[in-house]
Structure formats: C-alpha cells, structure tokens
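Structure first, then comments.
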Amino acid sequence: MPPAMSPPRALVHPARPRRRLRWFLAIGLGVPFLILLVVTGYYYVSFSRVIDERLHGERLRTLPRVLARPFEIRRGQWLSSEQFVDRLNVLGYAERPRAEQPGEFSRGDNALTMVPKGGDHPGQILRITFNPRGGGLVGPVGEDGRPTPMPAIERLELSGAGPVDEIRLESPLLTALITANREKRRRVSLSLIPRMMVQAVLAIEDRRFYEHPGIDPIRIAGAIITNIRGDKPYLVGGSTLTQQLVKNFFLTPEKSLRRKFQEQFLAIVLETRASKDEILELYLNEVYLGQRGSFAIHGVAEASRLFFGKDVTNLSLAEAATIAGVIQAPYTHSPFSSATRSRDRRNVVLQAMVDSGYVTQAAAERAGREPLQTIAHALDTEAPYFVDLLGETLADQYPGLLSSSQPVDIFTTLDTNLQRLAQEAVQGGIVQIDEQLAKRRVKGRAQVALIAIDPRTGDVLAYVGGRSYSQSQFNRAVNAKRQPGSVFKPFVYLAAFEAAAATGRTDLTPATVVDDEQTTFTFEDKDWTPGNYEDEYDGMITLRRALALSRNVATVKVAEMIGFGKVADLWKRFGSSTAPRPYPSIALGVFEATPFEIASAYTVFPNYGELRPLRPIERIVNGGIDVRVQSPAVKRVARRDTTFLVTNMMRSVLNEGTAASARSLGFALDAAGKTGTTNDLRDAWFVGFTPGLLTAVWVGFDDNQPLGLSGAVAALPIWTRFMMAALAGRPAQSFQPPEGIVFVDIDRDTGKLAQPACPRLFREAFVAGTEPTEACDLHRF
C-alpha cells in the first residue's frame, strides 16, 4: 500500500491563530481599558477629595452676619399695615392664612396677627390693629394747606396679657458681610425655600434633576435637536443643575472642550459625594442672579429681597418664575435691565412649569397676567452705605475679624424702621428738589446725605449716603467734604459764651445787641465785606434773633468780639479732619467738613457740652464670645450752662427763624436746629434735634456746582418728613436747663428787661449773674 499522505499544515492546528488573535485583541483592548480605569479612578479620587473639602468647608462656612437693633413696635407709630408687612419681610416672617407658629403672620382688615419668634414675647400671639387715618395723628401739610392724616398703629394686644404700649421683636439681619467680591447673599435651608420656587427652577433649568446621575444625555440630545429645528424662540441648554453648580462653584470661567469634559466628570463625582437635596440647596444659595450697584446677587433668597422686597417664603408664583427666569442670562432677563424681556422670560418659565406638571394651565395664565412689580430701591432699604461704613470700621478697628473661622455676629446700632423712614424721606425730598432744579433748568442730579443718631449715646440709627446706591456707591456722609456754611454759626456763639464765662464778661448773652448792617472787616491788611442772605439787614438785633434769622454780619461781629482764634480753637476740640484758619470767614463756616463730622459735633448741644463720638457697632460676638467693642471716650468741649444757651437759642430757628416752615409742615415737637447755605448756594444743610434724636441732612452736587437752593428749601423738608415719622407715637421731651441758668423776661427788640409797655416779650435764658439790669427804654406809656 502506498504510504499515507500528511494533511496540510493549515489543517493541523486551525485554532492557534484564532487564539493568538484573541490574545492580541484582549491585550489591545484590555490594557487601554485598564489604563482608562486607573486614570478614571485616579481622577475620581482626586476630584472627590477636592469636592469633599469644598463641600465640608461650605457646610461649616458661616458668613459674618450684620444685624440691626431689635425692631420695636409701639402704639401711635406711623406705620400702615402694608409698611408693617415690609418690616416683617425684613425679619424673615412667613405669611400664612392663619398665624400659629413662631415666625408666621396673617393679615385681616386693618389688622394683623403674628407670632414673634424672638424679642420680649416669643411664641405669644400678638394682634396689631391699624387706624388708616391715624386716629387724629397728622402728617405733613398737603398742597391744600391741610395736615395729612397718617396711618398708625392703634392697638397692640398680646394673648393672655391684654393691651400693651410697646413690644420689641428680634434683631433683623441686614446682610451677610463679604468684603472680597462684593457679594450679597442670604443662606437659607432648602426646607425654607417655597416649593413653587424650587419647582420654577427645576422646570426651566433641569426638570430631570432627581433622575439623572449628574449629566443628562437625554436632555443634551433633546437640546441639540430642539436648537437645530428652532422649535423654541430661545436656545435650550443641556447643562444640568449639577453641572451649573460645578461650573460656578468648583471651576474657573475658562471655556474649552477640555473644561466641558471636566465639568461633566465633576458633576458625576459630585452626585456621588452629596445628596440631591444638598446639591439643590447649594445651587439655590449660590446661583448668580445679576448685579445691583456694585453688589453681585447670589441665591434666590437675596434675589427675593432685592427684586421684590420680600422674604423668600412670601414669594408669589409669578415672582418665583421671574427669579427662575433670570438664571439663564442675568443681565438680559433681569427685571431691572428690561421689564419686557423679564416678563416674557417669566411666562416661559410658567409654561415650563405647566409642561412639568407643577402648576395648572389656568394658574400659569393668571400669574402671566400679573404686572411685573419690582422694588427699585430695595437695595437702599438694606442700608448699603451703612454696611460700607461698617466694613471700613471693622477693617480699621478689628483686623482679621471677618476672616475668622468661627461664626461672627455683628450687632449694629442701625434701626431698620428709621432707616426705611429715612430712605422714604430722602426719596420724597429728592423728587421735589429735582422738580425745582428742572424749572430752573439746572443740569445734573443733586445728591443727598442723611445721618440720624441718638445724641445720648452716639448710636447711628439711620444712614443714607446718596440718592441711590445702585447708581453711585460714593458715601457722601463720610467722604464728601463740603463747607458747612451757616450750620457752623451755633459754634461761633458757643465760643463767644465760653470766652465770656472764662473771662467773667457779662456783655455776651443771648440778649446782647449787635448792629446788623453791612460792614467791612479788615484782617491781616485784607478787607472783606460779607453780606446777608438776599441782602436783608435788621440793624440792632439780639444774638438770639441773629442766629434765628441766620444773619451773617452779626455773626462775624460776635466772632470779632472774642477773636477769630477763639472760634478756631473751639472747633479743634471736636477733632475735625480739617482745622480752619482763624480768619473772619470762619464765622460763616468757610472751611470743609463731612456730614458725619457735623452730626457728631452737634451732639454737644443735647448733651450739654459733651461730645459723643458716633458709633455704628453695639456688640460683636465671635464664636460665641463677646469681643470688646472700641468705644471712643466722651469728651467735654464746653460748659453745661453755655451750651444750653445756644441750644435754647436754636429753638428759635424753628419757632420763628429760617426753619419756621417745619412748623407749617406740621412738626410740633420741641426741637432745636440750624439751617445752612454756603456761598453761591452750593450746599444746603439742616441739622436739628430733640433730646432723643438728632438728624443732619446735606443736599448738593458732587461736582460742587451751585445747587441754587437754600437749606430751608432743600434740606429742611427732608428733615421734617423724617423726624415727624420717626418721632410719631413717642412722648414729647423738652430741653431741661442745667444748674446755673436763670430766666428773665426781656424786650425782644432791645434785649433789656421787659416793661409793661413792651409789645413783644421773650423769656430769655442767662447764665446766673449775666442777666440784664437795665429796663427797656424804647417802649413807654
């Protein structure tokens, strides 16, 4: 038999090449996969650490809180029910159909029921009744010449305690102080954010938030198709809330494909390191919602305050949709940039809520018909100029405090109710000033500063540094150095009485008569001829009348009688930043000072010669421990009796002098003050006070062009409107004479002892031993 043939080599081991191919494929695919797995694991661990550290820091981070003084309610206070609700929004109270829990309130007809969450009576039901016509209280005189009835609190009643006259609530939060990036935010827990606010954000930004792992492939694909087709009048985004949070919270603003992949990967990692609710809460507190002035608005709670003047718990459906609509493009959709675009975007959000099943079509249509009503000056009601002053004070006196790792609470002296009243007075006054300037064809926008203080303590109670913080952040109250003009005159008379007391002179009293006629003064071989306002001269006039009518010539003559150096020396005791030269013009306030310095200097009058430095801080708590607050020492700069003489003289400024229009406007309380108008009518001032409240008002232009209005016309109406509202319901106080003061009836014209035939008598104050001894010889039977 022939030998058997060997089979072909290829048929002997057919599986070897296949096995070899599988090995090559396994190695070729497995090694890169393993490398990818290792790299992914490495980056996952690395990013997890970064996220954990940031989340841990964010959970522990406590922003320095700035709190105002406790909100006080009293019977007779000028507040309507709407204004009172505004105050409760500042305190973070939630409106409910029935107030049952602390921090809730409900409204009725001219009445309000609330449950305080702090203050004197926490947890007790308080019923407040309002009289829309004030119960006999009247406000400023209207155009018809009749006093305007003002709404007021008529009755306060505590459950179980009956009627009360006054109640103190808790301290309202002004802001969280962040100095580095000029951010404003209010961190709130997710449980306090109303459901409709959360739903509005989810509906328009990420309706599958609770279903995806951080990125949403379905949303990305749908966004691409929708944008290609042009099915929507706007571009649809594919980023999830988690991606947006990662982009704004963990990454830089860089735009690149690499950064986009980083964002998506970090979003997935974040979803494994925090719960959905934690991510949503962080997002709602961090999301950027535009600018107001120099502040960046972060978070829906802060936007609620600055857009609508409300606590976030009280937002309506339309308001929640408005805020949610801003997220996509804060500048474009901000209601302050374009009401039309913001309203259109709001309605898009409302329809998205319908599509998501959150609201009915009927509810969305009702909300869509609501007008877009924002609060233009909501930022100003948060006292931003005061917060700036506070930041400078903290940086100067307490370096490092704001970077403390411990919770920091700064309790300020600011009264939020008075701050609101100050802002309203400024806004109302500046409108009238604008109208007067427009009639005179004066270009530019006048500015204003107002400082209200408790003169007994120096506490700053209300503080306005300009007409609108969103338009200009220049803090005129502390930074605008302007000539004080005639508001300085009381210090001239104080210097005169001080000099007289020091030398035993008896010829310088409020009843002393000087010749108010145009006079040329020579000083250091130079002539100077000042004139009175509108060239009005009175001839022989008492010092009281000269101050009341703000007579320039008479005041310069008083300064000349004691020496101009004595006037300059007195002003140096106040520690002003500008030391005036001892020239004749010093008597008319021809030097520079800030409204803050003028307000501080005027504290000597209600304090009988003691200077009370102004203070914005009452208490600081760092990590539960009280920090020693630096309080400048009280300084005596004048005698009690001589200071009272000037205070008593300034009462005539309001009763019969340049500020008498305050009386015709309805201000009836005992008060003293002085108008101020500088050369060429550049600046307008009024500083006035009662024993418990001192307010300084300045009006002028930033570029120092003439305002063209006197202090009585521009500044006094603002002061009057504020003081009437601030003091409504408070008991009247009068200026009590100190020891060593005697009162004598004098003839108002001659300053001599009054006789039966004298037609105009005045009961004048004197330092004992300086009262006149001569009888009036002008009026005889």
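The values are calculated or read from the model by the stated rules, or taken from the named source; none is laboratory data. Note that the structure is predicted; figures quoted are calculated from it, not measured. Cβ sites come from the backbone with ideal geometry, for glycine too, and all protein chains shown count toward neighbours. With ligands, DNA and RNA removed, areas are computed over all heavy atoms of the protein, side chains included. Shrake-Rupley method; radii C 1.70, N 1.55, O 1.52, S 1.80 Å.
Given Cα pairs under 8 Å that are at least 6 residues apart, what percent is the relative contact order of the chain? Present the calculation step by step, with values, prior to reporting the outcome.
Working: 1487 pairs, mean separation 87.1, N = 781.
Worked out over the chain, it gives 11 percent.
Positive end of the dipole of the chain, charges at C-beta (+1 Lys, Arg; -1 Asp, Glu), about the Cα centre: which of TYR358, ALA696, THR578 has its Cα farthest in that direction?
Positive-most Cα among the choices belongs to TYR358.
Just to verify a number: what accessible area does TYR210 come out at with the full protein assembly present, 1.4 Å probe, Å² rounded to tens?
Only protein atoms counted, so the area is about 120 Å².
Out of the total accessible area of segment 587-669 (probe 1.4 Å, heavy atoms of protein only), what percent is carbon and sulfur?
Numbers: 1510 of 3040 Å².
Answer for segment 587-669 is 50 percent, counting heavy atoms of protein chains only.
Ranked highest first by average number of other Cβ atoms within 10 Å, how do 761-773, 484-496 line up?
Working: 761-773: 16.6, 484-496: 26.7.
Most protected by this proxy first, the peptides run 484-496, 761-773.
Is there a quick way to get the dipole size of segment 454-607? I mean about its Cα centre, with the Cβ of Lys and Arg at +1 and of Asp and Glu at -1; what is the value in debye to the nearest 20?
On the way: 16 positive and 18 negative charges, 127 e Å.
My answer is approximately 620 debye.
How high is the relative contact order of segment 660-718, in percent, counting Cα pairs under 8 Å that sit 6 or more residues apart?
Working: 107 pairs, mean separation 20.2, N = 59.
Reported relative contact order: 34 percent.
For segment 708-715, what does the Karplus curve 6.51 cos²θ - 1.76 cosθ + 1.60, with θ = phi - 60°, yield as ³J(HN,Hα) per residue in whole Hz, taken in order and with x for Gly and Pro?
x, 10, 7, x, 5, 8, 9, 8
Taking the chain as the reference, fit the longest principal axis to its C-alpha atoms, fit the long axis of helix 15-60 to the helix C-alpha atoms, and give the angle between the two in degrees, 0 to 90, nearest 10.
In the chain, helix 15-60 runs at an angle near 20 degrees to the longest axis.
Mind listing the phi-derived Karplus ³J(HN,Hα) values for segment 92-109, rounded to whole Hz, using 6.51, -1.76 and 1.60 with θ = phi - 60°, and x for any glycine or proline?
So the J values, rounded to whole Hz, are x, 7, 9, 7, 9, x, 9, 7, 10, 10, x, x, 10, 8, 9, 10, x, 6.
Over segment 362-418, with every protein chain in place, what whole percent of the accessible area is carbon and sulfur at 1.4 Å, could you tell me? Mind showing how you got there, number by number?
Working: 1200 of 2410 Å².
It is 50 percent, rounded to a whole number.
Working from Cα positions, state the angle (0 to 90°, nearest 10) between the long axis of helix 384-397 and the longest principal axis of the chain.
Tilt of helix 384-397: around 90 degrees.
Could you sort TYR358, TYR608 by accessible area so the largest value comes first, with the probe set to 1.4 Å?
Working: TYR358 75, TYR608 40 Å².
Most to least solvent-accessible, the answer reads TYR358, TYR608.
Once neighbouring chains are kept in place and the probe is 1.4 Å, which whole percent of the accessible area of segment 692-739 is contributed by carbon and sulfur? Don't skip to the answer; put the middle values down first.
Values: 770 of 1610 Å².
Ligands and nucleic acids excluded, carbon and sulfur reach 48 percent.
Once amide H atoms are placed 1.01 Å from N in the peptide plane, what residues at a sequence separation of 5 or more from GLN77, or on another chain, have their amide H within under 5 Å of its amide H?
Residues meeting the amide H criterion: ILE153.
Given +1 on the Cβ of Lys and Arg, -1 on the Cβ of Asp and Glu, and no further charges, what dipole in debye does the chain carry about its Cα centre, rounded to the nearest 20?
Dipole about the Cα centre, nearest 20: 3980 debye.
Computed from the coordinates I sent, Kirkwood radius over Cα pairs in Å equals one of (1) 31.8; (2) 28.1; (3) 30.6. Tell me the label.
Correct label, based on the coordinates given: (3).
Over segment 280-431, calculate the relative contact order: mean separation of alpha carbon pairs under 8 Å at least 6 apart, over the residue count, as a percent.
Numbers: 140 pairs, mean separation 25.1, N = 152.
Worked out over segment 280-431, it gives 17 percent.
Report for the chain the percent antiparallel among DSSP-assigned beta bridges with both residues inside it, nearest 5.
Numbers: 80 of 90 bridges.
The antiparallel proportion sits near 90 percent.
Among VAL697, VAL513, VAL198, what's the order by accessible area (1.4 angstrom probe), most exposed first? If you can, show how the numbers build up before the last one.
Values: VAL697 0, VAL513 50, VAL198 20 Å².
Order by accessible area, largest first: VAL513, VAL198, VAL697.
Rank by packing, highest mean first: peptides 663-676, 414-427, with packing defined as the count of other Cβ atoms within 10 Å averaged across residues. Before the final figure, lay out each step's value.
Values: 663-676: 21.6, 414-427: 23.4.
With the highest mean Cβ count within 10 Å placed first, the list reads 414-427, 663-676.
For a quick protection proxy, order the peptides 713-721, 388-396 by their average other-Cβ count within 10 Å, most packed first. Working shown, then result.
Values: 713-721: 26.3, 388-396: 17.8.
Going by the mean number of other Cβ atoms within 10 Å, highest first, we get 713-721, 388-396.
Calculate how steeply helix 257-273 sits against the longest principal axis of the alpha-carbon atoms of the chain, using the helix alpha-carbon long axis, and give the answer as 0 to 90 degrees to the nearest 10.
90
Tell me the per residue accessible area of the chain using a 1.4 Å probe; a whole number in Å² is fine.
On the way: 35540 Å² over 781 residues.
Result: 45 Å² per residue.
Can you give the accessible area of THR360 in Å² (nearest 10), computed on protein heavy atoms with a 1.4 Å probe?
90
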